[in-house]
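Take a look at the structure below.
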Amino acid sequence: MTTAIEETLVLVKPDGVARNLTGEILRRIEAKGYSLVDLKLVQADRDLLAKHYAEHEGKPFYEPLVEFMESGPVVAMRIAGNRVIEGFRSLAGATDPTTAAPGTIRGDFGRDWGLKVQQNLVHGSDSVESAERELALWFA
Ligand code: RTP
Ligand code: MG
């Protein structure tokens, strides 16, 4: 496996911040050996979220997702490491917390009681191109 030092955008979504899981999520990222490069607490506005989620515009879950993401502060992190883009997504687990594997952030802390799938604690960029685009948005 070739070495590829990358940077990715991790967001602790409003549910993760409200449930005091920011420290636990960062602990898992650091325990894996990834480095924290930058971090901030952000109350995202619609303009930022519309740009961030542009690829999902028009999908049925788009509006509830944006409403949820603006419902409270998020923690934005710039994280660096070898193959960190794919690596963080495997730490996060499957999108739906009810099917995410135990041992993953969503599998261990995601709740299913009446919550919507968008409340899945974290976001991680899904490609080198997305990471560059999203980091430029959140850390302008
Ligand atoms: P993320 O972008 O947050 O890291 O998550 P992901 O790649 O696993 O999921 P993606 O397909 O990019 O969807 C973005 C976020 O939209 C919400 N979602 N809701 N069917 C639904 O109701 C649905 N599908 C997706 C989730 O919050 C997901 O993380
Ligand atoms: Mg995604």
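Where a Cα-Cα gap under 22 Å defines reach, which lysines qualify for Lys59, not counting those fewer than 8 residues away within the same chain?
Lys59 reaches Lys13, Lys51, Lys116.
If a/c stays under 1.5 just call it rounded; otherwise compare a/b with b/c (prolate if a/b is bigger, oblate if not). Do that for segment 57-140, with a ≥ b ≥ c from the square roots of the Cα gyration tensor eigenvalues.
Oblate shape, in that a/c is at least 1.5 and b/c is the bigger or equal ratio.
Need the C-alpha centroid separation for segment 82-138 versus segment 17-76, integer Å.
10 Å
Please express the shape of the chain as an equivalent ellipsoid: the semi-axes are the square roots of 5 times the eigenvalues of the C-alpha gyration tensor, given largest first in whole angstrom.
21, 18, 14
So what are the ³J(HN,Hα) numbers for segment 56-67, from phi and the Karplus equation (6.51, -1.76, 1.60; θ = phi - 60°), rounded to whole Hz, Gly and Pro as x?
Whole-Hz 3J(HN,Hα) from phi for segment 56-67: 9, 4, x, 6, x, 8, 4, 5, x, 5, 5, 4.
Every read-out reported here was derived from the displayed coordinates using simple, explicitly stated rules and does not represent laboratory data. Owing to the predicted nature of the structure, the values given are computational and were not obtained by experimental measurement.
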